[in-house]
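Following: one structure in structure tokens, then a few remarks.
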Amino acid sequence: MRHHGAMTDSTRVLILLRHAKAADPEGRADRDRPLTERGVADATAAGEWLKDENLLPTQVFCSPALRTRQTWSAVVEATGQGGLVDHDERIYNASDEQLLQVLRETDDNASTVALVGHSPGVPMLAALLDDGNGDQVARASLGDSFPTCTAAVFRISTAWADLAAGSAELVEVRTSRFSA
């Protein structure tokens with residue numbers, strides 16, 4: 001994260017990512033909805049942005065739904081980097097508290113972690129974690145909406161197990177869109 005000030009060795013980074021645009025159900029089960037063409041392009045753009053920012057997670061928690069798996073797959077393809085991915089059933093349509101519990105189980109050696117999930121859980125978790133001291137523009141955009149393929153990036157100074165409401169500094173909110 002070049003332009004966000006010095007990161008110390010004890011600082012951890014959390015990326016909360018809402019999946020990219022998915023197809024309408026059209027007779028499919030909700031969890032089997034694939035990404036649209038635009039969704040794949042947006043997720044690829046998200047991967048390119050993460051690579052440019054040097055935000056490459058070593059541990060990833062991903063909902064087992066098809067649209068979240070495809071989102072992360074496009075990110076990995078764009079970055080050429082893939083950390084350990086845990087497809088955790090608890091992330092599918094989870095509440096902010098459920099997602100927080102998953103993150104508290106993160107390996108303490110993990111310095112950059114991503115969670116790929118759904119709305120409203122991911123946006124609610126972003127709002128829950130925000131300590132109020134982060135980037136003001138990013139904080140304002142958190143309140144607006146959290147469209148598909150939006151990432152909220154946090155700086156964490158506690159152990160993962162101690163992650164709690166108001167314990168993370170919001171660094172950036174970015175909605176990735178493919179541009180020709």
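Please treat every number below as a calculation from the coordinates, not as lab data. What you see is a predicted model; the values in this text were computed from it and never measured. Counting neighbours? That spans all protein chains shown, and the Cβs are built from the backbone with ideal geometry, glycine included.
For CYS62, nonlocal amide neighbours, meaning residues 5 or more places apart or on other chains whose placed amide H falls under 5 Å from its own, are ASP86, HIS87, ASP88, VAL116. Along the charge dipole of the chain, Cβ charges K/R +1 and D/E -1, which of GLN98, ALA74, MET124 sits furthest on the positive end? Projecting each Cα onto the dipole axis, the largest value belongs to ALA74. Between the amide H of GLU172 and those of VAL153, distances stay under 5 Å, these residues lying 5 or more places away or on another chain, with hydrogens modeled in the peptide plane.
Taking the helices alone, the chain has a mean residue ellipticity at 222 nm of -9500 deg cm²/dmol, built from -39,500 (n - 2.57) per DSSP H run of at least 4 residues and averaged over all its residues. Shown here for the stretch 95-180: GluC sites (Glu not before Pro) in loop regions (DSSP other than H, G, I, E, B) with at most 15 other Cβ atoms within 10 Å, namely GLU105.
Summing +1 for each Lys or Arg and -1 for each Asp or Glu among the other residues whose beta-carbon sits under 12 angstrom from that of ALA78 gives -3. Only Lys, Arg, Asp and Glu carry charge here, each on its Cβ (+1 for the first two, -1 for the last two); on that basis the stretch 64-180 has a dipole of about 460 debye about its Cα centre. Between ASP32 and THR58, how high is the FRET efficiency from 1/(1 + (r/R0)^6) when r is the Cβ-Cβ distance and R₀ = 41 Å? Nearest 0.05. With R0 = 41 Å, the Cβ-Cβ based efficiency is 0.90. Of the labelled options (i) 20.4; (ii) 17.0; (iii) 16.0, which one gives Kirkwood radius over Cα pairs in Å as computed for this structure? Label (iii) holds the value from this structure.
The angle between the Cα long axis of helix 66-79 and the longest principal axis of the Cα atoms of the chain comes to about 60 degrees, rounded to the nearest 10.
Under a 5 Å amide H cut-off, with hydrogens placed 1.01 Å from N, ALA22 pairs with THR36 among residues at least 5 apart or on other chains. So what's the angle, to the nearest 10 degrees on a 0 to 90 scale, between helix 37-52 and the longest Cα principal axis of the chain? Long axis of 37-52 versus the principal axis of the chain: about 20 degrees.
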